[in-house]
Amino acid sequence: MREGRRGGLRPVPAALQRATQGEDLRADERTFRGGKGGVEVQVSGARAFCPISQLDLRHVEDASVYVGQKLQFKITRFEEGGRSLNLVLSRRALLEEENAKRAAELKGKLEGLRDGELKGLRDALLRLIARAGLPLSEDDRARILACDDAPTLDRWIENIIGAKAITDVLC
């Protein structure tokens, strides 16, 4: 509960109460006032502030360009103090989280592509060895299938030309 303008107690909105319990809260609100220090935002009826350093990933010269825009913010500080709430917001924290999520997805896709490329090289090498009529032991097959270095697989493929034995290929 917090003191209202006319002296009565007003309940703190439930969404804001969850912030006191450490829940990650997001506010999708319209900014209404900007200055050199940041922008003010209305969150569930309470006034909140987003410092200029937390508006974007890059340096922001003038926070007034964000006034009137509907943006998402993360509530980074919530303090009840008598008549008012102290809410501090960060848009930068959300942008950093989104970038980290995208980077992880991209990394997964790149690893998938790399694994596919290596599988293709291994398969091509095994087919070329079979076509060349070179006898392949289980140990040599296991060595090829375990190789996860594309330049080595490329070198082994090149070595097939003119090879008389598998030792000429896997050197």
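Would you list which lysines come within 20 Å of LYS74, measuring only between C-alpha atoms, while excluding same-chain residues fewer than 8 positions from it?
Within reach: LYS101.
How much length is gained on full extension from ARG58 to ALA130, taking 0.36 nm per residue of separation minus their Cα-Cα distance?
Extra length available between ARG58 and ALA130 comes to 20.3 nm.
At a 10 angstrom cut-off on C-beta neighbours, averaged per residue, how do the peptides 148-161, 46-59 rank from highest to lowest?
Put in order of decreasing packing, that is 46-59, 148-161.
Could you name the lysines whose alpha carbon sits less than 19 Å from that of LYS107, not counting residues in the same chain fewer than 8 places away?
Within the straight-line cut-off, LYS107 pairs with LYS119.
For the range 118-171, with every protein chain kept in place, what is the accessible area per residue (1.4 Å probe, Å²)?
Result: 62 Å² of accessible area for each residue.
Tell me, what % of the accessible area of the range 50-144 is carbon and sulfur with a 1.4 angstrom probe?
That fraction is 50 percent.
If one puts a single equal scatterer on every Cα of the range 43-171 and applies the Debye formula without solvent, what log₁₀ I(q)/I(0) results at q = 0.12, 0.13, 0.15 Å⁻¹?
Evaluating at q = 0.12, 0.13, 0.15 Å⁻¹ gives log10 I(q)/I(0) of -0.62, -0.66, -0.78.
The values are calculated or read from the model by the stated rules, or taken from the named source; none is laboratory data. Remember, predicted model here, so these are calculated numbers, not experimental data. Every residue, glycine as well, gets a Cβ built from its backbone with ideal geometry; the counts of neighbours run over all protein chains shown. Each accessible area value is taken on the protein alone, full model and side chains, heavy atoms only, with ligands, DNA and RNA left out. Shrake-Rupley method; radii C 1.70, N 1.55, O 1.52, S 1.80 Å.
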